[in-house]
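Here, each number is a calculation from the coordinates, and none is a lab measurement. From a predicted model like this one, the values you see are computed outputs, not experimental measurements. Using ideal geometry, Cβ is built from the backbone for each residue, glycine included, and neighbour counts are taken over all protein chains shown.
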Amino acid sequence: MASQVLAGINNDLIARSWIASARAYGTEPYHKEETEEIVTFSFRPSFSEKEWFSPASKSSFGEIKMNRDQFPCMRSIGNDVDATVNEAFLKTLELLTSPRTSFCDVVKMVVDGRRHKRIVFTGHSSGGATAILATVWYLETYFKKQSPLPVPEPLCVTFGAPLVGDYVFQHALGRENWSRFFVNFVARFDIVPRLVLARKASTEKALPHVLRQLDPTRPPIQENDQSIAEFYKTVMKDTATVAHQAVCELIGNGEAFLETLSSFLELSPYRPAGTFVFSTGTRLVSVNNSDAILQILFYASQSSNEHELSLVPYQSIRDHHSYEELVQSMGLRSFTHLDLHNLLLDGEAALSDLGLSTRARQCVRAAMDAEKKRVDNQSKVEAKRPKILEKLKWLEEEYKPRCRTHKNGYYDSFKFSLEEHDFRANVTRAELAGIVDEVLGLVKKGQLPDDFEGQRDWIVLATRYRRLVEPLDIANYHRHLKQEDTGPYMLKGRPNRYKHAQRGYEHDRMKAGVEIEGASCGSCFWAEVEDLQGKPYGEVEVKVKELERLLQGWINEGEVDHEQIFLEGSTFRNWWNSFPEDHKRYSPLRELMSETRAT
Amino acid sequence: MGKPSSTKQATVVVAALAFGWLAIELAFKPFLEKFRSSIDKSDPTKDPDDADAEAVAAAIAAAAKSSDESIPKTLSLCEDYYSSSSRSRVMEECRYETSELQASLMMSTPLWSDSWTLCNAANCARSIQIQNIAGIIYVALPPVIKMTELGDLVALEVIQKGNFSGLSTSLSSDEPPPMVDAAILKGLESSLALFHSQITQRLQPEEKKRVVITGHSTGGAQAALIALWLLSQPSPPSFHLLCITFGSPLLGNQSLSSAISRSRLAHNFCHVVSIYDLAPRSNDDLFWPFGTYLFCSENGGVCLDNAASVRRMFQILNTTTGTPHIEEYRHYVFTLSDQFLKSRSFLGGNISDNSYKAGVELAVESLGFSTDHPSGVSMKECIETATRIRRAPVLRAAELPIQLANVLPSRLDIQWFKESCEASPNQLGYYDVSRQYSNQREIKVNMSRAKLARFWDSVLEMVEKNELPFDFHLGKKWVYASQFYQLLAEPLDIAYFYKYKFPLPETSGHYLENGNRPKRYVVIDKWWKQSGEPQKEKRARTRYASATQDPCFWAKLEEAKEWLNEMRSGSSSGSDAERRALLWRKIVGFEKYADTLVKRMDVSADVVATKSSYMVWVENLREFKNRVGNGIEMFVDEIDAMET
């Protein structure tokens, strides 16, 4: 299939993946195949319900948050939430990566050998879920960090896999530019990808029976099995609710009624991630917009008439076994990549083959429009960059030097705000806050492209902004004695725009392999000083020493401007001077203090 | 004679004092620096909290489509900040249609079929049914009242002794009182008692507390009234509440409908109405709809959520005659709850490739009408209008942050004026300067004051008319921005009142009397109360607040000045002891109140400037006390005597 969307993936690779997936059926805990260029790891599916929904899980959809230490990238930076995944699938991964199996060691050998261009993780059904999580594990373990030698790119190919993670999971993959590694094949009616969109409580009873039917090693299903029809209906009903709610939220105008209604509903958190390739009789249709895929998952399973409706429930089981055939006939099928340009409301054979009605196309289009809007928002944000730069430049090149000549530094100058230029700096601070808050608002609402937060130049700009302007906010806070009625800056007063900038910076450093020490950061230096000064030395001695120790690192990193803080009239210097002689003599800052005084 | 009013005065002072502290302390905690609303030297700096960032994002997103205009420079003075451009943008084309999608969403949920099932049980048993289905408590009311008993309206508060106090009244006084159907109201008391005893206990074990009140026909109207009663208690219910009615007749008059939407309660009501059912639209000249209406046919459904569009739909349906008359809701509920299984293709020939138009056409078809048919055409217009009405608030709200940023210079101007007065050697705060002098600076500040007042009046008017999103006034950004505006600007309004208006013969009474206080401040007070910030731990101030925490402090002082003057001038006569005792009590009340504020440093520096009118008053009082000497005790004795 010739498509830029699935770059580097050809029919042969997919066929190979399928064969490996099928071979994994009887193999614990993984199956490995190797060619010149590619190593394939495939995972067996399970048709026992406890491997679909963890029996211990009390949550309505068997979900659990990912562990941040283990998967530091799988979270939202803007909202500071970890991704949610299916607990049972995560457990399978934990077993796979535990020392009891050779998996980790074998992968390490492959990476270290560097002979292969690509590692493929693949699986059918719940084996696909394992493949997805194994890929995430690989990305976090080997691919995330910048490495001097090339690390093999992973690829995850699944066939009829259930959804694994939530919106944050999908968003995080997008931010790290990892979504491109995931390709999921879904036969039009296959019930498995829709299964976790239903509440556990409503599917629980019939699930063991249905899973037995889904197991390809068992005899084929009875066409008159009423429980299958019921099960199909139950799953699709909840899928309908999820899809409708999602699209109403996407295009609606924040109607109050929708909000009330949603508080009465239990909605599945799972969302599609990566590229989905839907197959119909003669065609393959690929989509990589998660919202659009969700709509297609619902609408493509609708029937056009009563007769079809009586057959579809069984088709939804049979389609789960159709991937062998799909792979074999792949060369014969036409391939369409769905985007806004070919999303006509009428006509278009690819859409008709998927059974998408006018209403369905509208919803898919709405989802894609939303992505377009996110891109538009980004260019609007980009357009503000010169303004931000101009203001930062004024602070850096005019305000700061001018304050230096006053011998107390810009922190103190701003705090006392005696001069006209201090007032102007305050205006600049507030204007910058306005712009940055606006961007942050878009980030938090998911109204910028997923990869926005991962962009290097924004991280750099946000860091520069944080280092330069946060001291002004701290000065403002203490100028108005907010610490008295609101509480310490670090606990109560720190604006989200700085917390967010810090998270982005730390995330970036983490990927560069740098661990950041301490919970606080250098731009909050003044907040620490304000918090400690005025308290008797004896009480805060330990904290003072800790601060002095961290300060050197902050200066080296560029977090704190050493040209400003040591100035003659600065709060910090005055405070330091009040320390007992003994402390000063052994202080790591002793030299810095005397050096700056000399200049 | 003076006794009742003096007691009242004391209460007022105490209450004001209590509220004053609370409001103020809270007012300044969370920060006002939101979306550049605060280039403000004395702003406390706190987080632009999430709610705000979200609001801004929503605003940007909504505005993004049509406008390339970036947000105007904060400090560039923009004269017409509520320009007409915002109005034209409201009419911008809507890209997608949601009324049918909303209905499809509703019909795919368990709420839809479960509430009907219980309604049906109540209909059969002719008694109230309560059941817990998957963690949601359903309460269904039977239609015990006959349709023929309906039709008489009766005012709500007369009978219910203020039970519906949560319903907010109109700011304009010419609106008739909210009224409901007399027969339904009569049935309320009995169902309430039963309801209460049953619900509380059943809710106990549930983690998420959710109640659905439902009913068919007149049972639906009763359900709606109970729901309304619960929602309009002084403190809102501790559980989520949704009222779903099936074929319910209309409950009340137009005032009731507006009061419900003004009180932001309409979104708790969903009225399911078959297009063939006449009961929901009988009496629709006297009675008005409220809440979301889900009109359905056997083909599908459409949600409309503003009263005008619902009424229009009633009219359209009234003109269509005949066709199948299935009044059986069971049929619709079960047919439609399985509707999601089948795709519905467009029947009426060529479909527009414009998503919105196609959506509207589909919606019309879902009600069983053809877009070629005249009724279908009217229906199409009706749905289009509804979409516009629905969308308008969002677009308007998107404009507001920009307008707020535009009036920022005016606020900065007042702030700057205040600070320079405090720093000046004249030792006279901005209130007193404005009250006493008229010079160029003062005139400019007055213009800033007027500009801000115009802006806030326009915002409040939009809120009052429901032209803004339902939760607009609860958005933290607006609560804080309005509160901060009030604290800074109301003293100036008081100053101008006493300087220009008070001496005029046509002005009756003081600032705080006879509706002299601008309504915007009354409303802002209310928002603040509604926002329900929990009071946090209070730390003692070490410096005077940046704005006096009771915005009416100066108005109270003006009254106190008058009392003391009267006392001083008439002190020799001693004729009207009762009057004097009353005055004295008021003076002591104010002295105590002001003293507490000052001690807590809840006043700004202008109050305690050496020459401020407050300090002058304190000095006068001290002098007076000295002069009268033991006389004071006499007053106190008199007061005591009067009380016993």
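Quick notes
- When each of A:Val186, B:Val212, A:Val327, B:Val618 is scored by the number of other beta-carbon atoms lying within 10 Å, the sequence from fewest to most is B:Val618, A:Val327, B:Val212, A:Val186.
- The stretch between B:Leu286 and B:Thr596 holds 106.2 nm of extra length on full extension. This uses 0.36 nm per residue minus the Cα-Cα distance.
- Checking the cross-link pairs A:Lys492/B:Lys476; A:Lys391/A:Lys499; A:Lys444/B:Lys357 against a 23 Å limit on the alpha carbon distance flags A:Lys444/B:Lys357 as lying beyond it.
- Total charge dipole magnitude, the stretch B:396-533, about the Cα centre, Cβ charges on Lys, Arg, Asp, Glu only, Debye to nearest 20: 140 debye
- Note on A:Ser379 and A:Lys145: with the Förster distance fixed at 25 Å, the Cβ-Cβ geometry gives a FRET efficiency of about 0.20.
- Placing +1 on each Lys and Arg Cβ and -1 on each Asp and Glu Cβ, with no other charges, gives the stretch A:157-230 a dipole about its Cα centre of roughly 180 debye.
- Cα shape, the protein assembly as shown, gyration tensor, a/c 1.5 rule: oblate
- For the stretch A:125-271: relative contact order, % (alpha-carbon pairs under 8 angstrom, 6 or more apart): 27 percent
- Helix-only arithmetic for chain A: the sum of -39500 (n - 2.57) across DSSP H runs with n ≥ 4, divided by the residue total, places the mean residue ellipticity at 222 nm at -16000 deg cm²/dmol.
- Mean separation of Cα contacts under 8 Å, 6 or more apart, over the residue count of the stretch B:105-351: relative contact order %: 18 percent
- Residues in the stretch A:139-166 that a label on A:Arg115 would reach, taking backbone N under 18 Å of a point 7 Å out along Cα→Cβ: A:150-153
- Structure note, pairs B:Lys586/B:Lys625; B:Lys499/B:Lys611; A:Lys407/A:Lys543: Cα-Cα distances above 22 angstrom occur for A:Lys407/A:Lys543.
- Distances between placed amide hydrogens fall under 5 Å for A:Val120 paired with A:Val39, A:Thr40, A:Phe41, A:Leu155, all partners being 5 or more residues away or on another chain.
- Residues whose amide H falls under 5 Å from that of A:Ser303, counting only those 5 or more places apart or on a different chain, are B:Lys342, B:Ser343, with hydrogens built in the peptide plane.
- Tensor-based shape of the stretch B:105-351 (alpha-carbon gyration tensor, a/c under 1.5 rounded, otherwise prolate or oblate): oblate
- Computed 3J(HN,Hα) for the stretch B:389-400, one whole-Hz value per residue from the Karplus formula 6.51 cos²θ - 1.76 cosθ + 1.60 where θ = phi - 60°, is 4, 5, 7, 3, x, 5, 5, 4, 4, 5, 6, 4, glycine and proline marked x.
- FRET efficiency, A:Ser98 to B:Glu328 (Cβ-Cβ, R0 45 Å, nearest 0.05): 0.15
- Loop sites by DSSP among the trypsin sites (Lys or Arg not before Pro) of chain A, restricted to those with at most 10 other Cβ atoms within 10 angstrom, leave A:101-599 as the longest stretch without any of them.
- As a proxy for reagent exposure, B:Lys342, B:Lys476, B:Lys465 were ordered by neighbouring Cβ count within 10 angstrom, fewest first; the result is B:Lys465, B:Lys342, B:Lys476.
- Dipole magnitude of chain A about its Cα centre (Cβ charges: Lys, Arg +1; Asp, Glu -1), debye to nearest 20: 280 debye
- A:His307/A:Met490 FRET efficiency (R0 51 Å; Cβ-Cβ; nearest 0.05): 0.15
- Relative contact order, whole percent, for chain A stands at 12, derived from Cα pairs under 8 Å and 6 or more residues apart.
- Placing unit charges on each Cβ (+1 for Lys and Arg, -1 for Asp and Glu) gives the protein assembly as shown a dipole about its Cα centre, and among A:Gly441, A:Phe53, A:Gly252 the Cα reaching farthest toward its positive end belongs to A:Gly441.
- Exposure proxy shown here: for A:Asp353, B:Asp606, the number of other Cβ atoms within 10 Å sets the order, fewest to most, as A:Asp353, B:Asp606.
- Couplings for the stretch B:428-442, taken from phi via the Karplus curve 6.51 cos²θ - 1.76 cosθ + 1.60 with θ = phi - 60°, read 9, x, 5, 5, 5, 4, 5, 5, 9, 10, 10, 9, 4, 4, 5 Hz in order; Gly and Pro are left as x.
- Legend: mean number of C-beta atoms from other chains within 10 angstrom of residue C-beta atoms, peptide A:361-372, equals 3.
- Of A:Gly355, A:Phe416, B:Gln102, farthest towards positive along the dipole that unit charges on Lys, Arg, Asp, Glu beta carbons give the protein assembly as shown: A:Phe416
- Extension gain for A:Ser334 to A:Gln70 (0.36 nm times residue separation, less C-alpha to C-alpha distance): 90.9 nm.
- In chain A, a dipole from Cβ-located charges (positive for Lys and Arg, negative for Asp and Glu) runs towards its positive end, and of A:Trp458, A:Ser570, A:Thr101 it is A:Ser570 whose Cα lies farthest in that direction.
- Amide H contacts of A:Val151 (H built 1.01 Å from N, under 5 Å, at least 5 apart or other chain): none
- Under the simplified labelling scheme, the B:Ile133-A:Thr234 pair shows an inter-label distance of 1.6 nm, with each label point 7 Å from Cα along Cα→Cβ.
- Shielding score for A:347-359, defined as the mean number of other chain Cβ atoms within 10 Å: 3
- Neighbouring partner chain Cβ atoms per residue of A:436-449, average, 10 Å criterion: 6
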